Amino acid sequence: MPEIVTIGLFVLASLALTATPGPDMLLIATRSATQGRRAGLATYLGIATGAYCHALALALGLSQLFMAVPVAYDTVRYLGALYLAYLAWQAFTSSHQRLVGDGETNSYSSLSMYRQGLLTNVLNPKVALFFLALFPQFLDPQQGSVGIQVMVLATVLNVVGLLVNGVVIVIAARARSLIISNGHVQSCARYFTGVVFAGLATRLAFDEQR
């Protein structure tokens with residue numbers, strides 16, 4: 001179990017990282033603005049689950065595979081880019097998509113948003129390398145199981161991320177009233193969502209820095 005001082009420092013590091021606009025925040029904001037708070041929260045929960053997956057891979061020593069075997073890194077990177085491109089294609093072609101109010105039940109959509117958040121995170125090897133660079137600085141074998149320490153730090157990161165992105169979800173979701181009431185704005189929002197996914201796909205596919 002990490003020491004309280006270590007956890008406090010990690011909280012500060014997590015706050016600085018999660019408050020910096022990035023692909024995850026952009027994805028959450030887009031889903032919240034176009035599909036409501038429930039979709040934004042489901043997307044975040046998928047991303048948070050993906051973070052646990054990367055933390056578990058780090059604890060088991062699997063993240064080092066991306067450093068040792070470049071083809072493994074590139075394979076996951078291209079799979080992630082293809083999935084994001086697929087989501088972009090869905091957004092561009094689903095002209096029949098109907099935006100629903102936050103008060104309506106739409107469990108399938110929430111499940112889809114969760115799955116998308118999970119897959120976009122898990123299929124991004126840069127997240128694994130980020131964990132590999134950040135977490136070891138806060139680990140101390142003398143404080144017990146390193147694996148447990150990694151999962152505790154991942155939980156801290158996710159809690160801080162929920163607080164930060166919760167604010168993003170609330171703010172972005174307030175734009176829904178304008179989107180729902182205007183068909184033209186709905187179309188623009190749909191195409192904007194496609195552009196976001198296409199941009200993330202391109203960024204992941206062509207950014208080869210490891």
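Going residue by residue through the range 187-201, is there one that turns out to be within 17 Å of the chain's Cα centre (by Cα), modelled with pLDDT of 80 or more and assigned to a loop (DSSP other than H, G, I, E, B)?
For the range 187-201, residues within 17 Å of the chain's Cα centre (by Cα), modelled with pLDDT of 80 or more and assigned to a loop (DSSP other than H, G, I, E, B): absent.
Of all residues in the range 122-161, which are surrounded by 15 or more Cβ atoms within 10 Å (Cβ to Cβ), touching a residue at least 60 places away in the same chain (Cβ under 8 Å) and not in a helix (DSSP H, G or I)?
ASN124, LEU139
Keeping to the range 41-65, report how many residues are buried (at least 22 other Cβ atoms within 10 Å of the Cβ) and more than 17 Å from the chain's Cα centre (by Cα).
The qualifying residues number 2.
Any idea how many residues of the range 1-17 are assigned to a loop (DSSP other than H, G, I, E, B) and in contact with an Asp or Glu (Cβ under 9 Å, 6 or more places away or on another chain)?
Qualifying residue count, the range 1-17: 2.
Out of the range 18-38, which residues are assigned to a helix (DSSP H, G or I) and not charged (D, E, K, R)?
Result: THR18, PRO23, MET25, LEU26, LEU27, ILE28, ALA29, THR30, SER32, ALA33, THR34, GLN35.
Listed residues THR75, THR120, THR93; which is among the hydroxyl-bearing types (Ser, Thr, Tyr) and modelled with pLDDT of 90 or more?
On inspection, the qualifying residue turns out to be THR120.
The values are calculated or read from the model by the stated rules, or taken from the named source; none is laboratory data. Predicted model only: the values in this text are computed from it and were never measured. All Cβ positions, glycine included, derive from the backbone under ideal geometry; neighbour counts span all protein chains shown.
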